[in-house]
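The values are calculated or read from the model by the stated rules, or taken from the named source; none is laboratory data. The model shown is predicted, which means the values in this text are computed figures rather than measured ones. For neighbour counting, all protein chains shown are included, and Cβ atoms are generated from backbone atoms with ideal geometry for every residue, glycine included. Surface areas here come from the heavy atoms of the whole protein model, side chains and all, with no ligands, DNA or RNA. Shrake-Rupley method; radii C 1.70, N 1.55, O 1.52, S 1.80 Å.
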Amino acid sequence: MVHKFDAVILGAGAAGLMCAIEAGKRGRRVAVLERANRAGKKILISGGGRCNFTNLHCRPENFYSANPHFAKSALARYEPSEFIALVEKHRIPYHDKTLGQLFCDRSAQDILEMLESEGRTAGVQLILNSNIQEIRCADGFIVSTNSGEFQAPVLVVATGGLSIPKLGATSLGYDIARQFGLKIRETRPALVPLVLGIEDRTQYCDLAGVSAEVDVSTDHSAFREKMLITHRGLSGPAILQISTYWREHSSIRIDLAPGRDVTLAIREAKERNMAAARFALQGFLPKRFATRWLDVYAPSSWTNRALEELERQVHEWVVEPADTEGYEKAEVTVGGVETEELSSKTMESRRVPGLFFIGEVVDVTGHLGGFNFQWAWASGAAAGRAL
Ligand SMILES: Cc1cc2nc3c(=O)[nH]c(=O)nc-3n(C[C@H](O)[C@H](O)[C@H](O)COP(=O)(O)OP(=O)(O)OC[C@H]3O[C@@H](n4cnc5c(N)ncnc54)[C@H](O)[C@@H]3O)c2cc1C
(Lines give C-alpha, C1' and ligand atoms only; values in the text may rest on other atoms or scores of the structure.)
Protein backbone atom coordinates (compact mmCIF):
# COMPACT_ATOMS: atom_id res chain seq x y z
CA MET A 1 0.00 0.00 0.00
CA VAL A 2 1.33 3.45 -0.92
CA HIS A 3 0.63 6.35 1.50
CA LYS A 4 0.72 9.68 -0.34
CA PHE A 5 1.77 12.90 1.39
CA ASP A 6 2.95 16.39 0.45
CA ALA A 7 6.13 15.82 2.46
CA VAL A 8 7.81 12.91 4.21
CA ILE A 9 10.22 13.76 7.04
CA LEU A 10 12.73 11.18 8.29
CA GLY A 11 13.42 11.51 12.03
CA ALA A 12 11.17 12.88 14.78
CA GLY A 13 13.86 14.74 16.71
CA ALA A 14 14.08 18.47 17.35
CA ALA A 15 14.57 19.52 13.71
CA GLY A 16 12.12 17.02 12.18
CA LEU A 17 9.31 17.93 14.59
CA MET A 18 9.80 21.68 14.04
CA CYS A 19 9.82 21.24 10.26
CA ALA A 20 6.66 19.11 10.41
CA ILE A 21 4.84 21.70 12.55
CA GLU A 22 5.71 24.59 10.24
CA ALA A 23 4.78 22.65 7.09
CA GLY A 24 1.57 21.33 8.72
CA LYS A 25 0.54 24.85 9.74
CA ARG A 26 0.81 25.82 6.06
CA GLY A 27 -1.68 23.11 5.16
CA ARG A 28 0.80 20.52 3.92
CA ARG A 29 0.00 16.86 4.56
CA VAL A 30 3.09 15.66 6.42
CA ALA A 31 4.28 12.24 7.61
CA VAL A 32 7.19 11.90 10.03
CA LEU A 33 8.85 8.48 10.02
CA GLU A 34 10.73 7.71 13.23
CA ARG A 35 12.76 4.59 13.91
CA ALA A 36 12.41 4.71 17.72
CA ASN A 37 9.32 3.83 19.75
CA ARG A 38 8.85 7.49 20.69
CA ALA A 39 9.69 10.91 19.31
CA GLY A 40 12.38 13.25 20.63
CA LYS A 41 14.34 10.89 22.87
CA LYS A 42 17.35 13.22 22.78
CA ILE A 43 15.20 16.16 23.83
CA LEU A 44 14.18 14.18 26.92
CA ILE A 45 17.76 13.58 28.10
CA SER A 46 19.05 17.01 27.07
CA GLY A 47 20.35 19.58 29.53
CA GLY A 48 20.49 16.98 32.31
CA GLY A 49 16.75 16.31 31.80
CA ARG A 50 15.79 19.99 31.81
CA CYS A 51 16.53 20.79 28.10
CA ASN A 52 18.60 23.90 27.48
CA PHE A 53 16.23 24.75 24.64
CA THR A 54 17.82 27.97 23.37
CA ASN A 55 20.24 30.77 24.19
CA LEU A 56 19.33 34.45 24.45
CA HIS A 57 22.68 35.50 22.98
CA CYS A 58 22.62 33.34 19.86
CA ARG A 59 25.05 34.63 17.21
CA PRO A 60 26.58 33.02 14.12
CA GLU A 61 29.93 32.90 16.00
CA ASN A 62 28.39 30.29 18.29
CA PHE A 63 28.44 27.76 15.45
CA TYR A 64 31.22 25.67 13.91
CA SER A 65 31.10 24.77 10.22
CA ALA A 66 33.42 24.62 7.22
CA ASN A 67 31.36 27.60 6.02
CA PRO A 68 30.78 29.91 9.01
CA HIS A 69 28.32 32.04 6.99
CA PHE A 70 25.94 29.24 6.07
CA ALA A 71 23.85 29.21 9.27
CA LYS A 72 23.28 32.98 9.31
CA SER A 73 20.20 33.08 7.10
CA ALA A 74 18.17 30.41 8.91
CA LEU A 75 19.24 31.70 12.34
CA ALA A 76 18.18 35.24 11.45
CA ARG A 77 14.76 34.11 10.27
CA TYR A 78 14.00 31.99 13.35
CA GLU A 79 15.39 33.74 16.40
CA PRO A 80 15.35 32.48 20.00
CA SER A 81 12.47 34.88 20.73
CA GLU A 82 10.23 32.91 18.36
CA PHE A 83 10.84 29.65 20.21
CA ILE A 84 10.47 31.41 23.57
CA ALA A 85 7.07 32.73 22.42
CA LEU A 86 6.02 29.13 21.71
CA VAL A 87 7.25 28.01 25.14
CA GLU A 88 5.32 30.86 26.79
CA LYS A 89 2.18 30.12 24.78
CA HIS A 90 2.26 26.64 26.33
CA ARG A 91 2.87 28.16 29.78
CA ILE A 92 6.10 26.19 30.29
CA PRO A 93 8.08 27.62 33.21
CA TYR A 94 11.76 28.27 32.40
CA HIS A 95 14.78 30.17 33.68
CA ASP A 96 18.06 31.67 32.49
CA LYS A 97 20.58 29.39 34.20
CA THR A 98 23.66 31.35 33.17
CA LEU A 99 25.03 33.16 30.09
CA GLY A 100 21.57 33.33 28.47
CA GLN A 101 21.06 29.54 28.58
CA LEU A 102 17.32 28.88 28.94
CA PHE A 103 16.30 25.69 30.75
CA CYS A 104 12.90 24.27 31.73
CA ASP A 105 12.09 24.68 35.43
CA ARG A 106 10.39 21.27 35.52
CA SER A 107 11.52 18.86 32.85
CA ALA A 108 12.50 18.45 29.19
CA GLN A 109 9.25 16.53 28.79
CA ASP A 110 7.47 19.92 28.70
CA ILE A 111 9.29 20.81 25.46
CA LEU A 112 8.57 17.45 23.83
CA GLU A 113 4.89 17.55 24.82
CA MET A 114 4.68 21.09 23.40
CA LEU A 115 6.12 19.98 20.05
CA GLU A 116 3.87 16.89 19.93
CA SER A 117 0.83 18.99 20.72
CA GLU A 118 1.74 21.57 18.05
CA GLY A 119 2.23 18.70 15.60
CA ARG A 120 -1.21 17.20 16.35
CA THR A 121 -2.86 20.62 15.89
CA ALA A 122 -1.08 21.00 12.54
CA GLY A 123 -2.34 17.55 11.45
CA VAL A 124 1.12 15.93 11.33
CA GLN A 125 1.13 12.12 11.15
CA LEU A 126 3.84 10.61 13.31
CA ILE A 127 4.72 7.01 12.47
CA LEU A 128 6.90 5.41 15.15
CA ASN A 129 8.89 2.13 14.94
CA SER A 130 9.51 2.82 11.24
CA ASN A 131 12.21 0.70 9.72
CA ILE A 132 13.34 2.54 6.59
CA GLN A 133 14.44 -0.01 4.02
CA GLU A 134 14.89 1.85 0.77
CA ILE A 135 14.48 5.26 -0.82
CA ARG A 136 13.72 5.59 -4.52
CA CYS A 137 13.25 8.57 -6.76
CA ALA A 138 10.17 7.99 -8.95
CA ASP A 139 7.43 10.58 -9.31
CA GLY A 140 8.90 12.31 -6.26
CA PHE A 141 10.39 10.17 -3.51
CA ILE A 142 9.26 6.73 -2.37
CA VAL A 143 10.32 5.54 1.07
CA SER A 144 9.85 1.81 1.72
CA THR A 145 9.34 0.87 5.36
CA ASN A 146 8.03 -2.02 7.45
CA SER A 147 4.69 -0.17 7.55
CA GLY A 148 4.32 0.32 3.80
CA GLU A 149 5.50 2.76 1.17
CA PHE A 150 5.35 6.53 1.60
CA GLN A 151 5.35 8.75 -1.47
CA ALA A 152 5.83 12.53 -1.60
CA PRO A 153 7.33 15.19 -3.88
CA VAL A 154 9.42 16.33 -0.91
CA LEU A 155 11.75 14.33 1.35
CA VAL A 156 13.27 16.00 4.44
CA VAL A 157 16.16 14.22 6.13
CA ALA A 158 16.29 15.03 9.86
CA THR A 159 17.96 11.90 11.23
CA GLY A 160 20.55 13.72 13.37
CA GLY A 161 24.20 12.83 13.97
CA LEU A 162 26.04 9.79 15.32
CA SER A 163 26.25 10.69 19.00
CA ILE A 164 24.69 8.41 21.65
CA PRO A 165 24.09 5.33 19.46
CA LYS A 166 22.17 3.64 22.29
CA LEU A 167 19.43 6.25 21.80
CA GLY A 168 19.05 5.15 18.19
CA ALA A 169 21.49 7.34 16.24
CA THR A 170 22.16 5.95 12.76
CA SER A 171 24.10 6.98 9.68
CA LEU A 172 20.94 7.01 7.53
CA GLY A 173 21.12 10.75 6.80
CA TYR A 174 24.69 10.51 5.51
CA ASP A 175 23.83 7.36 3.52
CA ILE A 176 20.94 9.17 1.80
CA ALA A 177 23.20 12.15 1.03
CA ARG A 178 25.73 9.79 -0.59
CA GLN A 179 23.01 7.91 -2.48
CA PHE A 180 22.01 11.20 -4.14
CA GLY A 181 25.61 12.28 -4.79
CA LEU A 182 25.88 14.97 -2.09
CA LYS A 183 29.26 15.55 -0.45
CA ILE A 184 29.81 14.77 3.23
CA ARG A 185 32.32 16.52 5.47
CA GLU A 186 34.13 14.00 7.65
CA THR A 187 32.35 13.50 10.98
CA ARG A 188 33.79 13.35 14.50
CA PRO A 189 32.40 13.47 18.03
CA ALA A 190 32.17 16.92 19.65
CA LEU A 191 31.09 18.48 22.94
CA VAL A 192 32.79 15.42 24.37
CA PRO A 193 35.21 14.77 27.28
CA LEU A 194 38.88 14.39 26.34
CA VAL A 195 41.00 11.38 27.33
CA LEU A 196 44.55 12.02 28.54
CA GLY A 197 47.63 10.02 27.53
CA ILE A 198 48.82 7.40 29.98
CA GLU A 199 51.47 9.63 31.59
CA ASP A 200 49.13 12.57 32.29
CA ARG A 201 46.39 10.17 33.37
CA THR A 202 48.69 8.64 36.00
CA GLN A 203 49.68 12.13 37.05
CA TYR A 204 46.24 13.72 37.49
CA CYS A 205 43.28 11.35 37.19
CA ASP A 206 43.22 10.19 40.80
CA LEU A 207 42.02 13.77 41.40
CA ALA A 208 38.76 12.98 39.53
CA GLY A 209 36.00 15.35 40.61
CA VAL A 210 38.28 18.36 41.13
CA SER A 211 37.31 21.41 39.05
CA ALA A 212 38.62 24.90 38.31
CA GLU A 213 37.64 27.96 36.28
CA VAL A 214 40.10 28.15 33.36
CA ASP A 215 40.68 29.66 29.95
CA VAL A 216 41.18 26.88 27.40
CA SER A 217 42.25 27.51 23.84
CA THR A 218 43.45 26.15 20.52
CA ASP A 219 44.80 28.27 17.68
CA HIS A 220 41.28 29.11 16.55
CA SER A 221 39.14 29.34 19.66
CA ALA A 222 39.09 30.08 23.38
CA PHE A 223 36.58 29.49 26.17
CA ARG A 224 36.55 30.57 29.81
CA GLU A 225 34.47 28.11 31.83
CA LYS A 226 34.87 25.28 34.34
CA MET A 227 37.23 22.37 33.73
CA LEU A 228 36.72 19.06 35.53
CA ILE A 229 39.23 16.25 36.06
CA THR A 230 37.69 12.83 35.31
CA HIS A 231 38.84 9.23 35.79
CA ARG A 232 40.23 9.18 32.23
CA GLY A 233 40.97 12.81 31.45
CA LEU A 234 39.31 16.21 31.35
CA SER A 235 35.72 17.38 31.04
CA GLY A 236 33.49 20.25 32.21
CA PRO A 237 32.03 22.98 29.99
CA ALA A 238 35.41 24.49 29.02
CA ILE A 239 36.74 21.15 27.78
CA LEU A 240 33.47 20.14 26.05
CA GLN A 241 33.55 23.46 24.16
CA ILE A 242 37.17 23.09 23.05
CA SER A 243 36.65 19.44 22.02
CA THR A 244 34.74 20.71 18.97
CA TYR A 245 37.94 22.39 17.77
CA TRP A 246 40.47 19.78 18.93
CA ARG A 247 42.04 17.52 16.29
CA GLU A 248 43.99 14.31 16.93
CA HIS A 249 47.73 14.77 17.69
CA SER A 250 47.27 18.42 18.55
CA SER A 251 47.40 20.11 21.92
CA ILE A 252 45.20 22.48 23.91
CA ARG A 253 46.45 25.34 26.09
CA ILE A 254 44.97 25.83 29.52
CA ASP A 255 45.33 29.09 31.45
CA LEU A 256 44.93 27.93 35.05
CA ALA A 257 44.74 31.47 36.43
CA PRO A 258 43.11 33.75 33.86
CA GLY A 259 43.96 37.40 34.44
CA ARG A 260 45.99 36.81 37.62
CA ASP A 261 49.60 37.52 38.55
CA VAL A 262 50.35 34.21 40.24
CA THR A 263 53.98 34.62 41.18
CA LEU A 264 53.58 38.06 42.77
CA ALA A 265 52.85 36.36 46.10
CA ILE A 266 56.01 34.23 45.75
CA ARG A 267 58.16 37.22 44.80
CA GLU A 268 56.89 39.11 47.82
CA ALA A 269 57.09 36.16 50.26
CA LYS A 270 59.65 36.24 53.08
CA GLU A 271 61.18 33.14 51.61
CA ARG A 272 60.86 31.97 48.04
CA ASN A 273 60.32 28.23 48.32
CA MET A 274 57.86 25.43 47.52
CA ALA A 275 55.66 26.32 50.50
CA ALA A 276 55.28 29.89 49.17
CA ALA A 277 54.58 28.57 45.66
CA ARG A 278 51.95 26.12 46.92
CA PHE A 279 50.31 28.88 48.94
CA ALA A 280 50.22 31.13 45.85
CA LEU A 281 48.67 28.48 43.57
CA GLN A 282 46.18 27.36 46.19
CA GLY A 283 44.79 30.90 46.10
CA PHE A 284 43.02 30.12 42.81
CA LEU A 285 43.22 26.34 42.26
CA PRO A 286 41.79 23.53 44.42
CA LYS A 287 44.42 22.55 46.98
CA ARG A 288 45.09 19.01 45.77
CA PHE A 289 45.37 20.03 42.14
CA ALA A 290 47.66 22.99 42.93
CA THR A 291 49.99 20.72 44.90
CA ARG A 292 50.03 18.02 42.22
CA TRP A 293 50.58 20.48 39.40
CA LEU A 294 53.48 22.08 41.25
CA ASP A 295 55.06 18.67 41.85
CA VAL A 296 55.18 18.27 38.07
CA TYR A 297 56.14 21.85 37.22
CA ALA A 298 58.36 22.69 40.21
CA PRO A 299 60.55 25.71 39.34
CA SER A 300 64.21 24.88 38.74
CA SER A 301 65.24 27.72 41.06
CA TRP A 302 63.69 30.79 42.73
CA THR A 303 65.29 33.48 40.58
CA ASN A 304 63.08 36.10 38.94
CA ARG A 305 63.72 34.36 35.64
CA ALA A 306 62.56 30.97 36.97
CA LEU A 307 59.44 32.61 38.43
CA GLU A 308 58.71 34.24 35.07
CA GLU A 309 58.84 30.77 33.53
CA LEU A 310 56.50 29.43 36.21
CA GLU A 311 54.10 32.32 35.54
CA ARG A 312 54.14 31.47 31.83
CA GLN A 313 53.48 27.78 32.47
CA VAL A 314 50.53 28.49 34.77
CA HIS A 315 48.96 30.59 32.03
CA GLU A 316 49.86 28.18 29.27
CA TRP A 317 49.64 24.61 30.52
CA VAL A 318 49.99 22.62 27.30
CA VAL A 319 48.13 19.32 27.26
CA GLU A 320 48.05 16.86 24.38
CA PRO A 321 44.93 14.69 24.77
CA ALA A 322 45.21 11.15 23.46
CA ASP A 323 41.60 10.92 22.29
CA THR A 324 38.00 11.86 22.98
CA GLU A 325 35.45 9.70 24.81
CA GLY A 326 33.83 9.07 21.39
CA TYR A 327 30.26 9.11 20.12
CA GLU A 328 29.06 7.19 23.22
CA LYS A 329 29.65 10.30 25.34
CA ALA A 330 29.48 13.08 22.72
CA GLU A 331 26.58 15.54 22.73
CA VAL A 332 26.91 16.23 19.02
CA THR A 333 28.60 15.31 15.74
CA VAL A 334 30.83 17.75 13.87
CA GLY A 335 30.76 17.51 10.06
CA GLY A 336 27.98 16.04 7.94
CA VAL A 337 26.24 17.12 4.75
CA GLU A 338 28.39 19.82 3.11
CA THR A 339 26.68 23.18 3.35
CA GLU A 340 27.65 24.07 -0.22
CA GLU A 341 25.22 21.35 -1.30
CA LEU A 342 22.26 23.15 0.31
CA SER A 343 20.39 26.42 0.00
CA SER A 344 21.03 28.40 3.18
CA LYS A 345 17.51 29.85 2.97
CA THR A 346 15.52 26.63 2.62
CA MET A 347 18.00 23.80 3.30
CA GLU A 348 17.01 22.20 -0.04
CA SER A 349 19.64 20.32 -2.00
CA ARG A 350 21.01 22.29 -4.94
CA ARG A 351 21.47 19.09 -6.97
CA VAL A 352 18.26 17.23 -6.10
CA PRO A 353 15.12 19.39 -6.03
CA GLY A 354 12.70 18.32 -3.28
CA LEU A 355 15.40 16.81 -1.07
CA PHE A 356 16.09 18.73 2.18
CA PHE A 357 18.57 18.21 5.06
CA ILE A 358 18.04 19.87 8.47
CA GLY A 359 19.45 19.78 12.00
CA GLU A 360 22.56 18.00 13.13
CA VAL A 361 23.00 15.92 9.97
CA VAL A 362 24.19 19.14 8.29
CA ASP A 363 27.74 20.43 8.79
CA VAL A 364 26.71 23.02 11.40
CA THR A 365 27.54 22.43 15.09
CA GLY A 366 26.60 24.73 17.93
CA HIS A 367 28.60 25.55 21.01
CA LEU A 368 27.43 24.21 24.36
CA GLY A 369 24.59 26.32 25.79
CA GLY A 370 21.35 25.75 23.84
CA PHE A 371 22.80 26.57 20.42
CA ASN A 372 22.34 23.10 18.95
CA PHE A 373 18.62 23.14 19.61
CA GLN A 374 18.42 26.67 18.23
CA TRP A 375 20.00 25.36 15.01
CA ALA A 376 17.54 22.44 14.95
CA TRP A 377 14.55 24.82 15.38
CA ALA A 378 15.89 27.37 12.88
CA SER A 379 16.88 24.92 10.13
CA GLY A 380 13.66 22.93 10.68
CA ALA A 381 11.56 26.09 10.37
CA ALA A 382 13.50 27.23 7.29
CA ALA A 383 12.65 23.98 5.48
CA GLY A 384 9.11 23.70 6.87
CA ARG A 385 8.23 27.18 5.61
CA ALA A 386 9.60 26.39 2.17
CA LEU A 387 7.51 23.25 1.61
C1 LIG B 1 23.15 14.01 26.31
C2 LIG B 1 22.83 15.15 25.39
C3 LIG B 1 22.41 16.35 25.92
C4 LIG B 1 22.16 17.44 25.07
N5 LIG B 1 21.72 18.60 25.61
C6 LIG B 1 21.48 19.67 24.81
C7 LIG B 1 20.96 20.87 25.34
O8 LIG B 1 20.62 20.97 26.53
N9 LIG B 1 20.83 21.94 24.49
C10 LIG B 1 21.12 21.85 23.15
O11 LIG B 1 20.97 22.85 22.43
N12 LIG B 1 21.55 20.68 22.62
C13 LIG B 1 21.72 19.60 23.40
N14 LIG B 1 22.14 18.42 22.86
C15 LIG B 1 22.30 18.33 21.39
C16 LIG B 1 20.89 18.19 20.74
O17 LIG B 1 20.19 17.15 21.40
C18 LIG B 1 21.01 17.86 19.25
O19 LIG B 1 21.88 18.76 18.62
C20 LIG B 1 19.63 17.92 18.59
O21 LIG B 1 18.78 16.96 19.19
C22 LIG B 1 19.74 17.66 17.09
O23 LIG B 1 18.44 17.62 16.56
P24 LIG B 1 18.12 16.73 15.27
O25 LIG B 1 16.67 16.77 15.11
O26 LIG B 1 18.99 17.15 14.15
O27 LIG B 1 18.59 15.28 15.68
P28 LIG B 1 17.99 14.32 16.80
O29 LIG B 1 17.34 15.10 17.87
O30 LIG B 1 19.10 13.38 17.16
O31 LIG B 1 16.84 13.54 16.05
C32 LIG B 1 17.08 12.61 15.02
C33 LIG B 1 15.92 11.64 15.00
O34 LIG B 1 16.08 10.77 13.88
C35 LIG B 1 15.83 9.45 14.28
N36 LIG B 1 16.54 8.53 13.39
C37 LIG B 1 17.85 8.30 13.32
N38 LIG B 1 18.11 7.34 12.41
C39 LIG B 1 16.91 6.99 11.89
C40 LIG B 1 16.52 6.04 10.91
N41 LIG B 1 17.41 5.22 10.31
N42 LIG B 1 15.21 5.94 10.59
C43 LIG B 1 14.27 6.75 11.20
N44 LIG B 1 14.59 7.62 12.16
C45 LIG B 1 15.90 7.76 12.48
C46 LIG B 1 16.33 9.39 15.71
O47 LIG B 1 15.76 8.31 16.42
C48 LIG B 1 15.90 10.74 16.24
O49 LIG B 1 14.60 10.72 16.78
C50 LIG B 1 22.36 17.31 23.67
C51 LIG B 1 22.76 16.08 23.15
C52 LIG B 1 22.99 15.00 23.99
C53 LIG B 1 23.41 13.70 23.38
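Results for (1) part of a loop (DSSP other than H, G, I, E, B); (2) under 30 Å from N273 (Cβ atoms), shown as yes or no for each residue.
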| position | (1), (2) |
| --- | --- |
| S301 | yes, yes |
| L307 | no, yes |
| E311 | no, yes |
| G326 | yes, no |
| A330 | yes, no |
| K345 | yes, no |
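I'd like the residue in the range 56-85 that is under 13 Å from the mean Cα position of the chain (by Cα) and either hydrophobic (A, V, I, L, M, F, W, C) or open to solvent by less than 50 Å² (accessible area, probe 1.4 Å) (or both) and, out of all such residues, is farthest from G366 (Cα to Cα). Walk me through how you get there before you give the answer.
Applying the first criterion (under 13 Å from the mean Cα position of the chain (by Cα)) to the range 56-85 yields 62-65.
Okay, now just the ones that are also either hydrophobic (A, V, I, L, M, F, W, C) or open to solvent by less than 50 Å² (accessible area, probe 1.4 Å) (or both), so 62-63, 65.
On the way: N62: 6, F63: 4, S65: 9 Å.
Across the range 56-85, the extreme among qualifying residues is S65.
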Filter result (buried (at least 20 other Cβ atoms within 10 Å of the Cβ), in a loop (DSSP other than H, G, I, E, B) and within 12 Å of the ligand (Cβ to nearest atom)) within the range 122-151:
S130
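Residues in the range 364-387 that are over 25 Å from L99 (Cβ atoms) and either of a type outside the set (G, A, S) or open to solvent by 10 Å² or more (accessible area, probe 1.4 Å) (or both): how many?
Start the filter on the range 364-387 by keeping residues that are over 25 Å from L99 (Cβ atoms), which leaves 382-387.
This time we only want the ones that are either of a type outside the set (G, A, S) or open to solvent by 10 Å² or more (accessible area, probe 1.4 Å) (or both), so: 382, 385-387.
Of the residues in the range 364-387, 4 are over 25 Å from L99 (Cβ atoms) and either of a type outside the set (G, A, S) or open to solvent by 10 Å² or more (accessible area, probe 1.4 Å) (or both).
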Among the numbered conditions (1) in contact with a Leu (Cβ under 6 Å, 6 or more places away or on another chain); (2) in a loop (DSSP other than H, G, I, E, B), tell me where G161 comes up short.
(1)
Among the residues of the range 86-99 satisfying the criterion of being in contact with a strand residue (DSSP E or B) (Cβ under 7 Å, 6 or more places away or on another chain) and not in a loop (DSSP other than H, G, I, E, B), which is least open to solvent (accessible area, probe 1.4 Å)?
V87
If P258 satisfies every condition in (1) surrounded by fewer than 16 Cβ atoms within 10 Å (Cβ to Cβ); (2) in contact (Cβ under 8 Å) with a residue 40 or more places away in the chain; (3) part of a strand (DSSP E or B) but one, which is the exception?
(3)
Restricting attention to the range 350-363, does a residue exist that is more than 12 Å from the ligand (Cβ to nearest atom), at pLDDT 95 or above and aliphatic (A, V, I, L, M)?
yes
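Return a yes/no flag: does the range 3-16 have any residue that is assigned to a strand (DSSP E or B) and open to solvent by 10 Å² or more (accessible area, probe 1.4 Å).
The first filter runs over the range 3-16 and keeps only residues assigned to a strand (DSSP E or B), leaving 3-4, 7-10.
Going one step further and asking which of them are open to solvent by 10 Å² or more (accessible area, probe 1.4 Å), we end up with 3-4.
Yes: the range 3-16 contains one or more residues that are assigned to a strand (DSSP E or B) and open to solvent by 10 Å² or more (accessible area, probe 1.4 Å).
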